[in-house]
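The block underneath contains the structure these notes are about, expressed in structure tokens.
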């Protein structure tokens, strides 16, 4: 046995001792923290960041006669709905967004088509103070008809946003350090572990930094150990491809087209669980190793993304470096559901979303989500504030005796 393999085996043994596999029981989500008194006071004392009349005056400076209609308060931004003359091009307004932000005296301004009917335009203005999100309330409202519900957060109108990972069917997440990307992925996985038993859900995790998925060590949903070395990650992805092929063979023998049909016909103890393969810092994995090794990683990701939905295997890939050499065109083509947190440039935003916008986000959970299931193109991009999940709540979701180790 060579030195590297011996080291990997030793790390696995140490992890097994430090984090022994725990038993699972469904946690009581009513024990989540909820809003504090300070949070409630902040909500009660909230004031709109800009006077509505000022929005009309600024528009007038740029030759647009707008009429203020209403404003909607969200966690991170307040959206001012302004009726503009029919024929006003949204692109022409977006060109002046930085200048308008300066005139309004706000750090940033995003101009969007108003979600409501009519020719109204939405001006998203950053709130002076971030309004807290009640994660306990969000968790209590998770729809019961979703196979793998992901709590996204609240949109700019304060509405709860949930999406089913089984329908996405894979999710690409990007964002620079401090954007809230890793917190979102961790809380999404922990919530699924609270809702689904280990017989219904298995996790395969890759964590190059060794800290983001540390809470999952010893979790009964976890298959094997969290992979932290490049060789371990490649082996995990290769194993996921092998599991996919095994499942296709089972479905073929059972003459079923998808996992739900197979599980309905399978006998007791033969049902297949959903599998989520989550990779944190995907860029590090794609940029390390020899060219054949990097190609093997991409091929595994693409094969899973192309075919694995039918057999209940789903990907969540996160990166803080949305480079075209990392998020390749073939990966993007097979991962239409994408969440972009704050990124450093419009180039990075276009790599993830195919359009600008993520470079103007505020960080700390502020995201743009591209929804492949939306019916209209204008509804495909949604701004969402992801909830902050404190350590106590994360441990509760993972069944650690009400948040205690």
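The values are calculated or read from the model by the stated rules, or taken from the named source; none is laboratory data. Only a predicted model underlies this, so the values are computations on that prediction, with no experimental measurement involved. Here the Cβ is made from the backbone with ideal geometry for all residues, glycine too, and neighbour counts use every protein chain on show.
List pairs: first residue in the range 179-194 and at positive phi, second residue surrounded by fewer than 24 Cβ atoms within 10 Å (Cβ to Cβ) and modelled with pLDDT under 95 anywhere in the structure, Cβ distance under 9 angstrom, at least six positions apart or on different chains.
Filtered contacts from the range 179-194: 180/363; 180/364; 180/388.
Could you count how many residues in the range 74-93 are surrounded by fewer than 17 Cβ atoms within 10 Å (Cβ to Cβ), touching a residue at least 12 places away in the same chain (Cβ under 8 Å) and either within 30 Å of the chain's Cα centre (by Cα) or closer than 30 Å to residue 387 by Cα (or both)?
1
Looking at 6, 16, can you tell me which residue is out of contact with any strand residue (DSSP E or B) (no Cβ under 9 Å at 6 or more places or on another chain), farther than 24 Å from residue 399 by Cβ and modelled with pLDDT under 65?
Numbers: 16 fails: farther than 24 Å from residue 399 by Cβ.
Among 6, 16, only 6 is out of contact with any strand residue (DSSP E or B) (no Cβ under 9 Å at 6 or more places or on another chain), farther than 24 Å from residue 399 by Cβ and modelled with pLDDT under 65.
Residues that are at pLDDT below 90, in a loop (DSSP other than H, G, I, E, B) and crowded, with 19+ Cβ neighbours inside 10 Å: does the range 381-399 have at least one? Show your work before the answer.
First pass over the range 381-399, keeping only residues at pLDDT below 90: 399.
Remaining after also requiring in a loop (DSSP other than H, G, I, E, B): 399.
Keeping just the survivors that are crowded, with 19+ Cβ neighbours inside 10 Å gives 399.
There is at least one residue in the range 381-399 that is at pLDDT below 90, in a loop (DSSP other than H, G, I, E, B) and crowded, with 19+ Cβ neighbours inside 10 Å.
What are the pairs, 6+ residues apart or on separate chains, where a residue within the range 245-263 that is free of Cβ contacts under 8 Å to residues at least 12 places away in the same chain and assigned by TED's automatic domain parsing to the domain that holds residue 312 has its Cβ under 7 Å from a residue that is surrounded by 14 or more Cβ atoms within 10 Å (Cβ to Cβ) and in a helix (DSSP H, G or I)?
As it stands, the answer is 256/262, since those pairs meet every condition given.
Go through the residues of the range 382-398 one by one and say whether even a single one is within 14 Å of the chain's Cα centre (by Cα) and either free of Cβ contacts under 8 Å to residues at least 60 places away in the same chain or outside the structural domain of residue 196 (by TED's automatic domain parsing) (or both). Steps first, please.
Looking only at the range 382-398, we keep the residues that are within 14 Å of the chain's Cα centre (by Cα), and these are 382-389.
In the following step, the residues that additionally are either free of Cβ contacts under 8 Å to residues at least 60 places away in the same chain or outside the structural domain of residue 196 (by TED's automatic domain parsing) (or both) were identified as none.
No, the range 382-398 contains no residue that is within 14 Å of the chain's Cα centre (by Cα) and either free of Cβ contacts under 8 Å to residues at least 60 places away in the same chain or outside the structural domain of residue 196 (by TED's automatic domain parsing) (or both).
Under the condition of being surrounded by fewer than 16 Cβ atoms within 10 Å (Cβ to Cβ) and within 24 Å of residue 301 (Cα to Cα), which residue from the range 333-376 is nearest to the chain's Cα centre (by Cα)?
Ranking the qualifying residues of the range 333-376, first place goes to 372.
How many residues does the range 39-55 hold that are outside any loop (DSSP other than H, G, I, E, B) and without any contact (Cβ under 8 Å) to a residue 40 or more places away in the chain?
Quick first cut of the range 39-55, residues outside any loop (DSSP other than H, G, I, E, B) only: 39-44, 52-55.
Next, only the ones that are without any contact (Cβ under 8 Å) to a residue 40 or more places away in the chain stay: 40-41, 44, 52-53.
Within the range 39-55, residues that are outside any loop (DSSP other than H, G, I, E, B) and without any contact (Cβ under 8 Å) to a residue 40 or more places away in the chain number 5.
Among the strands (runs of 3 or more DSSP E) lying completely within the range 144-211, list those that include at least 2 residues that are within 30 Å of residue 375 (Cα to Cα) and in the same structural domain as residue 358 (by TED's automatic domain parsing). Give the derivation first.
Details: elements: 149-155, 160-164, 171-174, 201-207.
In the range 144-211, the matching strands (runs of 3 or more DSSP E) lie at 149-155, 160-164, 171-174.
Based on what the data block shows, is residue 175 at pLDDT 95 or above, closer than 30 Å to residue 396 by Cα and surrounded by fewer than 19 Cβ atoms within 10 Å (Cβ to Cβ)?
Spelling it out, it is not the case that residue 175 is at pLDDT 95 or above, closer than 30 Å to residue 396 by Cα and surrounded by fewer than 19 Cβ atoms within 10 Å (Cβ to Cβ).
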